[in-house]
Each structure stands twice: as C-alpha cells, then as structure tokens.
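One structure is given here, and the rest of the page talks about it.
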Amino acid sequence: MNEKNITITMDGTCGSGKSTIAKRLAERLGVIFLDTGAMYRAITWKALRSPIELDDTDGLIRLARETEIRLNKGDEGTRVFVDGQEVTRVIRTPEITNAVKFLADIPAVREVLVEQQREIAAARSVVAEGRDTGTVVFPDADYKFYVDASIEVRTERRFKEFIDKGMETTREEVRADLEKRDHADKTRPVGALRLAEGGIVIDTGETDDVEVNLKNILGHIK
Ligand code: DC
C-alpha cells in the first residue's frame, strides 16, 4: 500500500465488534488505526480534570482548541497522548464513557477533532473507526463500512464479556445501557451514526469469529 494513501472508514453500533475488527484490519494492512472515539475520550478526560463545568459549552470549545491530542502506533495498538501525557488506559473508565456526550454533542468541539482526523489521514493510510467517519469526516473514503448486529446479539456478547471479567451485572442492565448509547449515537445533532452513502453493511450477528468478519471485509477491498 505504498503507491497512494488509502482511507477506510468503519462506523457502527457499540458492541457490534467494530473496534476489534478495525484494529485487526489496520494491523493486517500495516496502516494507522485512527481511533476517533479515543480522541473524544481524551478531550473528555482533560475536561473532567479541569475546572470547566460540563455544561459550559464555550469553556469546552476553548479547551478542545487548546488541547494537543496525539495518536502513536504502539505494540498493542494505538497509544493516546493528551498534551504529551499518555492516557491510553485511563480514558476507558465508565466515568469517561458516561461524560463523553457532553463534548461529543457540541458541533464546534467536533469540528476541532474532525480537522485533526483529516490531518492525520492526509499524510498516511488509515483505518478510521467511529460514528461519523464515513459520513462527515471522510465522505470520499476509498471504502466505507458500517458494522452492526441485532440488540439481542450485542447484549449477549457484552453480558458475557462483563461476566468473564468478574463484573456483576444483568442482561437487562446491559441491554438498557446499549439502547441508551444507540439512542445517543443516532440522535446527536451533528455527527450522528448512520450508514454513509455508498457504505457497505457488515452484520456480525452470524459469528463472533473476528477472522471470519475480517475476511468478509477484506473481500470488499481490492
Ligand atoms: O467508540 P468509543 O466507545 O470509544 O467512543 C467513545 C464516545 O465517543 C462514544 O460516546 C461516542 C463518541 N464518538 C463520537 O461521538 N464520534 C466518533 N467519531 C467516535 C466516538
């Protein structure tokens, strides 16, 4: 893949397996995994540690403009830095997950991050993963995928994941949380999750086997 930069986008619902597939696809192709969700998480991490309140829209926009987010390729996937400090792990907590929407729903904050995402992809080939990468960030991407599975399948997967990790939860709780996140993702005023024009739907409901789903995707890529 040296001749020309290639952009592949992968949007979809949470729990569909899109992150795992996107990461694996980037590895397989030897290109950068552009984890846009990590960028929204990173800016939220900084906001929560600043005196700015989450309902202070202007303050959050300023914060986004002043923040330097860097994505570096590491041995175990993409490493995330905020103003030079590594935040790869700390941005994955439920505290951050629950607070992201305060920033992700502000159009001007999204503009800042979208511009950075385009800059990253201007210089190199990427697999970009998120909610709006095929619709807003890279509408002219070479390949646009939309990964999904039914709510029942996603609930069962997430529930098993949590139980395997020793967490206490119920199927009802997991399903309600997924439905809440689907609703937030699909109804946000800007950057809402939807199938891009010319997007290819990948249904991971048939199998949990990442390799099978990856093979399906690779079959679309020339
Ligand atoms: O994919 P994730 O769970 O790491 O994403 C974290 C949050 O960021 C999630 O609430 C949705 C939001 N997000 C977004 O609004 N736009 C994107 N392109 C990626 C993520």
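Here's the picture: charge each Lys and Arg Cβ at +1 and each Asp and Glu Cβ at -1 in region 121-222, and of VAL201, VAL126, PHE145 the one pushed furthest to the positive end of that dipole is VAL126. Rounded to two decimals, the Cα-based Rg/Rh of region 94-199, with Kirkwood Rh, is 1.02.
Quick one: if the Förster radius is 45 Å, what FRET efficiency do ARG171 and ASP58 give, using the C-beta to C-beta distance and rounding to 0.05?
0.60
The calculated Kirkwood hydrodynamic radius for region 96-146 is 11.9 Å, given to one decimal from all distinct C-alpha pairs.
Per residue, the convex hull around the alpha carbon atoms of the chain comes to 128 Å³. Using the empirical formula 2.2 N^0.38 Å as the baseline, the Cα radius of gyration of region 10-135 reaches a ratio of 1.01.
Assuming charge only on the beta carbon of Lys and Arg (+1) and of Asp and Glu (-1), the dipole of the chain about its Cα centre is about 360 debye to the nearest 20. Subtracting the Cα-Cα distance of ARG70 and LYS101 from their residue separation scaled by 0.36 nm leaves 9.1 nm.
Given R0 = 41 Å, the distance between the Cβ atoms of GLU115 and ASP203 translates into a calculated FRET efficiency of 0.80. Only the Cβ atoms of Lys and Arg (+1) and of Asp and Glu (-1) were treated as charged; on that basis the dipole of region 26-89 about its Cα centre amounts to roughly 200 debye.
The phi-based Karplus calculation (6.51 cos²θ - 1.76 cosθ + 1.60; θ = phi - 60°) puts the 3J(HN,Hα) values of region 86-97 at 6, 10, 2, 8, 5, 7, 9, 7, x, 4, 5, 3 Hz, whole numbers, x for Gly and Pro. Residues whose amide H lies under 5 Å from that of MET10, counting only those 5 or more places away or on a different chain, are ALA128, GLU129, GLY130, PHE145; hydrogens are built 1.01 Å from N in the peptide plane.
Return the sequence-ordered ³J(HN,Hα) values of region 41-56 in whole Hz as given by the Karplus equation 6.51 cos²θ - 1.76 cosθ + 1.60 applied to θ = phi - 60°, using x for Gly and Pro. Ordered by residue, 3J(HN,Hα) equals 5, 4, 5, 5, 4, 5, 4, 5, 9, 9, x, 6, 6, 6, 9, 8 Hz.
A short reminder: the numbers here are calculations on the coordinates, not readings from a lab. Here the structure is a predicted model, which means the values were calculated and not measured. Note: ideal-geometry Cβ built from the backbone for every residue, glycine included; neighbour counts use all protein chains shown.
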